[in-house]
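Here's the structure we're looking at; comments come further down.
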Amino acid sequence: MFKVLISDPLSEQGIKSLLDAEDVQVDVNTGLSEEEIIRIIPEYDAMIVRSQTKVTPAILAAAKNLKVIGRAGVGVDNIDINAATKAGVVVINAPDGNTITTAEHTFAMLLSMARNIPQAYKNTTQGEWNRKKYLGVELNNKTLGIIGFGRIGSEVAKRAKAFNMKVIAYDPYLTEERAQKAGVQMGSVDDIVTQADFITVHTPLTKDTRHILSTEEFAKMKPGVRVLNCARGGIIDEKALYQAIVDGKVAGCALDVFEEEPPKNNPLLELPQVVVTPHLGASTVEAQENVAIDVSEEILHVLREQPFKNAVNLPSVPADVMEKIGPYFFLGEKLGQFVAQITVGAVQEIVITYSGELTDMDTSPLTRTTIKGILSYNLGEGVNYVNAPHLAKTRDIKVTEQKSSHNRGFTNLITITLKTKQEEKQVAGTLLNGYGPRIVEIDKYSIDAAPEGHLILIHHNDRPGVIGRVGTVLGTKGVNIATMQVGRRDMGGDAIMMLTIDKQASPEVLDSLGELEEIHSVTEIDLL
Ligand code: NAD
């Protein structure tokens, strides 16, 4: 008999599969303190939490029988993942349960905005009867631009088509075949901003998507355009949006998310064209039930040693393999994140080459962590160690794992080659005894840098004074350089510079660096 502790409130319908299981005993015991959980946890095989229970290292240390923790939701900030992995406890979440709910909320916002429903409601309940003021627009025959065509974006498209809208979608992973199947037109961000009557964003918040709609994009939009953000605050530049509304370019906007939540002194909230909700995208009875259903089913799979798909960590690797390969996980994941951020375009092929002592090991778990690192840059929280290879497959990304006797003098070496439609990039890293993980090569330039924190990669001509000018720009902008590494192939030829800086550089700082003579490109990389 497996014992499952449910320590945060969940609907009974959501946990039905556990309640019905003959080999499971469920105890619902909510509102417990850390001490109380520590006292009772040794008898449990599984635990389900929402966001209230904090699963601390002390709880995990006491959890002698625990095999799995389920988070009924997406974010796992309330669970100490490292401590869980060390304790051999699988952590699973439920990334799919709120897709429809969020797509429906986006559509509710779209209609509310088009027909001024919140404004008219407020006005009418205040005793007015103002029919002219709230003249709306139809969705019929209008163009909806969707930036980010993943789970939610594609569901929004289905609803838009039912309203006879034309849909243009942009997503680096959207193929012509998938677009055709979904009945949407594939386009660029530029196509969307110049052609759409309504624009909605459904991407994660990354360096590439932050302010993807900003002053330049608003300037190109059709007058009277309406925009929505039900994804993450910061994807649309709020200052630029405010200005575009005040200037009369944008006729309306609908926001469920904000750069700062809850919004404080946000001037957008004072504009009559703005429709807002307090991050309600995933808030429905069904979504809360769905995440509980998903997590309960996954818990059963883990307890019964059946395949499961949503693990956030990877403690299921056999202990002897883990002992040898575990230290490389961080390196593989960070190298993956690094190469994804320096490469332009949608990934088509990943080649991971292991050399040195890694050739004698079972590297398949390491390949998973590396693919997760690469994909998480574009796919955010939805990627985990278990589903990463599957997500790569569904996006037609070819993954090759190979072993090579060519170790270039390192006792161990992981080399990742990333191919997109536009370009091919390569990065190599090693685990140095006593120094930890290091990036040792970027596109055949030798380098020695720790894969962590905020980095800036600069391609430049190897000329006297370039390094000094870069230091001066950063110094005058108040950006402190922690480390600097230079790599070159030939004296006076092309070279690279990699800087570690104390805080994220603003786009203005990056632009100022890019304008320096002898500098070809500047890329910021965050490995947090
Ligand atoms: P998803 O991973 O299924 O889809 C995201 C898509 O964005 C992917 O297809 C990815 O390729 C694409 N993308 C990444 N970078 C891009 C770029 N630079 N340009 C265009 N597309 C890019 O995720 P999802 O489940 O559809 O969620 C989408 C967003 O909605 C996420 O930010 C998620 O956090 C958010 N969300 C919000 C709520 C809410 O309460 N408002 C609820 C659920 C999800």
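The values are calculated or read from the model by the stated rules, or taken from the named source; none is laboratory data. Please read these numbers as outputs of a predicted model, since none were measured by experiment. In this analysis, Cβ positions are derived from the backbone assuming ideal geometry, glycine residues included, and neighbour counts consider all displayed protein chains. Side chains are part of the model used for accessible areas, which takes the heavy atoms of the whole protein and leaves out ligands, DNA and RNA. Shrake-Rupley method; radii C 1.70, N 1.55, O 1.52, S 1.80 Å.
Within a straight-line Cα-Cα reach of under 13 Å, LYS419 can be paired with the following aspartates and glutamates, leaving aside sequence neighbours fewer than 8 residues apart in one chain: GLU349, ASP396, ASP443.
Normalised radius of gyration for region 234-305, please: alpha carbon Rg relative to 2.2 N^0.38 Å, two decimal places.
My calculation over the Cα atoms of region 234-305 gives 1.68.
Heavy-atom accessible area with a 1.4 Å probe sorts ARG489, ARG232, ARG39, largest first, into ARG39, ARG489, ARG232. Listed by chain and number, the aspartates and glutamates whose C-alpha is less than 12 Å from the C-alpha of LYS249, apart from same-chain residues fewer than 8 away, are ASP197, GLU217. Measuring between their Cα centroids, region 472-522 and region 270-317 lie 41 Å from each other.
Taking amide hydrogens as placed 1.01 Å from N in the peptide plane, the amide H of GLN25 sits under 5 Å from those of PHE2, LYS3, VAL4, each at least 5 positions away in sequence or on another chain.
Do any trypsin sites (Lys or Arg not before Pro) in region 295-371 lie in a loop, going by DSSP, with at most 15 other beta-carbon atoms within 10 Å of their beta carbon, and if so which? Before the final figure, lay out the partial values.
Details: sites: ARG304, LYS309, LYS324, LYS334, ARG368; in loops: ARG304, LYS309.
Here the sparse-neighbourhood loop sites are ARG304, LYS309.
For the set LYS122, LYS161, solvent exposure ranked by accessible area (probe 1.4 Å, protein chains only) runs largest to smallest as LYS122, LYS161. Legend: Rg and Dmax of region 466-518, from Cα coordinates, 11.5, 32 Å. Other residues lying with their Cβ under 15 Å from the Cβ of LYS324 contribute a combined charge of -4, Lys and Arg counting +1, Asp and Glu -1. Estimated from helices alone, the mean residue ellipticity of the chain at 222 nm is -10000 deg cm²/dmol (sum of -39500 (n - 2.57) over DSSP H runs with n ≥ 4, per residue).
Reported value for region 75-161: 139 Å³ per residue, from the convex hull of its C-alpha atoms. In terms of overall dimensions, the chain has a Cα radius of gyration and Dmax of 25.3, 80 angstrom.
With Cα atoms defining each centre, region 48-79 and region 353-399 are spaced 25 Å apart in the structure. Looking at region 317-451, the pairs of alpha carbons with a distance over 18 Å make up 49% of the total.
Would you mind getting the accessible area per residue of region 413-471, heavy atoms of the protein chains only, 1.4 Å probe, in Å²? Please report the intermediate quantities before stating the final value.
Values: 2400 Å² over 59 residues.
Result: 41 Å² per residue.
With the simple spin-label model, which puts each label point 7 Å out from Cα in the Cβ direction, the LYS239 to ASP77 separation comes to 2.4 nm. Length available on full extension from GLU35 to SER283: 0.36 nm per residue minus the Cα-Cα distance, which gives 86.2 nm. Full extension of the chain between ASN130 and GLN504 gives 129.8 nm of extra length, using 0.36 nm per residue less the Cα-Cα distance. Here THR359 sits with roughly 50 square angstrom of accessible surface, probe radius 1.4 Å.
Rounded to two decimals, what is the ratio between the C-alpha radius of gyration of region 372-501 and 2.2 N^0.38 Å? Mind showing how you got there, number by number?
On the way: Rg = 17.2 Å, N = 130, 2.2 N^0.38 = 14.0 Å.
The reported ratio for this selection is 1.23.
Taking amide H positions as modeled 1.01 Å from N, with prolines and chain starts lacking one, the residues under 5 Å from VAL275 and 5 or more places away or on another chain are CYS253, ALA254, LEU255.
Calculated FRET efficiency, ALA162 to MET491, Cβ-Cβ distance, R0 = 56 Å: about 0.30 to the nearest 0.05. State the Cα centre-to-centre distance between region 331-346 and region 213-239 in whole Å. Using only Cα atoms to place each centre, the spacing works out to 27 Å.
Compute the normalised compactness of region 4-61: alpha-carbon radius of gyration over 2.2 N^0.38 Å, N being the residue count.
1.11
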